[in-house]
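This report refers to the structure that appears directly beneath it.
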Amino acid sequence: MNYGEIKKTDIANGAGVRVSLFVSGCRHRCENCFNEATWDFGYGRPFTEETEKELMEALSKPFIRGLTLIGGEPFEAENQRELVKLCRRVRERFKNKDIWCYSGFTFEEITGNSRARCEVTDELLGLIDVLVDGRFVESLKDISLKFRGSSNQRIIDLRRTLDSGETVLWNGQ
């Protein structure tokens with residue numbers, strides 16, 4: 001897996017001050033995507049043990065609320081296989097930090113029969129607290145929306161959704 005960028009104090013991609021990992025590779029190709037360079041799976045740098053150490057160091061700061069996975073597309077199967085390992089380690093080391101993930105896939109696509117499914121999808125979903133789902137749609141762009149770019153996108157409380165079997169939207173806590 002490659003990544004394009006790590007933001008160590010991100011306030012735009014989830015609640016609180018976050019560490020954000022921008023993975024490379026996305027087949028959605030949304031019109032007017034804010035991060036078109038990351039469509040290419042070869043963009044950026046390889047994700048290595050050193051990269052993970054850098055993320056863990058950034059996450060160790062007391063003012064950091066959690067990790068955000070963004071892209072590119074975290075739910076491309078190639079990325080999931082690496083991200084699930086990272087998320088396991090974040091959960092083990094930082095019990096009080098949350099994990100957000102942005103995906104152009106809808107929750108229903110991720111959990112259904114789509115190219116987003118692979119052998120680690122369910123485990124990865126179980127490690128994520130909040131999922132911002134759905135492709136960016138230029139005609140639905142709304143800059144007044146919190147933590148998303150277009151009105152079709154949802155902010156899903158993934159823990160409560162997986163527990164209840166019903167889609168539960170994040171309440172801003």
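The values are calculated or read from the model by the stated rules, or taken from the named source; none is laboratory data. Just so it is clear, the structure is predicted and the values come from calculations on it, not from any experiment. Virtual Cβ from ideal backbone geometry, glycine too; neighbours counted across all protein chains shown.
A few comments on the model shown:
- Output for region 82-97, where each listed residue is within 17 Å of ASP133 (Cβ to Cβ) and out of contact with any helix residue (DSSP H, G or I) (no Cβ under 9 Å at 6 or more places or on another chain): none
- Checklist (1) crowded, with 18+ Cβ neighbours inside 10 Å; (2) modelled with pLDDT of 95 or more applied to GLY72, failing item: (2)
- Close contacts from region 1-26, counting a first residue that is within 16 Å of ASP129 (Cα to Cα) and a second that is outside any strand (DSSP E or B) and among the β-branched types (Val, Ile, Thr), with Cβ to Cβ under 8 Å and a gap of 6+ residues or different chains, come to VAL17/ILE11; ARG18/ILE11.
- ASP129 vs. criteria touching a strand residue (DSSP E or B) at 6+ places or on another chain (Cβ under 7 Å) and touching a residue at least 40 places away in the same chain (Cβ under 8 Å): yes
- Among the conditions (1) out of contact with any His (no Cβ under 9 Å at 6 or more places or on another chain); (2) under 17 Å from GLY72 (Cβ atoms); (3) at pLDDT 95 or above, PHE105 misses just one, which is (1).
- Check on LEU125, outside any strand (DSSP E or B), buried (at least 18 other Cβ atoms within 10 Å of the Cβ) and under 16 Å from the mean Cα position of the chain (by Cα): yes
- Just one residue in the set LEU140, LEU86 is crowded, with 19+ Cβ neighbours inside 10 Å and either under 27 Å from GLU49 (Cβ atoms) or in contact with a strand residue (DSSP E or B) (Cβ under 9 Å, 6 or more places away or on another chain) (or both); that residue is LEU86.
- If the condition is being out of contact with any Asp or Glu (no Cβ under 6 Å at 6 or more places or on another chain) and buried (at least 19 other Cβ atoms within 10 Å of the Cβ), then region 14-29 contributes GLY14, ALA15, VAL19, LEU21, VAL23, SER24.
- Residues (surrounded by fewer than 20 Cβ atoms within 10 Å (Cβ to Cβ), assigned to a loop (DSSP other than H, G, I, E, B) and without any contact (Cβ under 8 Å) to a residue 40 or more places away in the chain) located in region 143-159: ILE143, SER144, LEU145, LYS146, ARG148, SER151, ASN152
- Qualifying position, being out of contact with any strand residue (DSSP E or B) (no Cβ under 9 Å at 6 or more places or on another chain) and surrounded by 15 or more Cβ atoms within 10 Å (Cβ to Cβ), among GLU92, GLU52: GLU52
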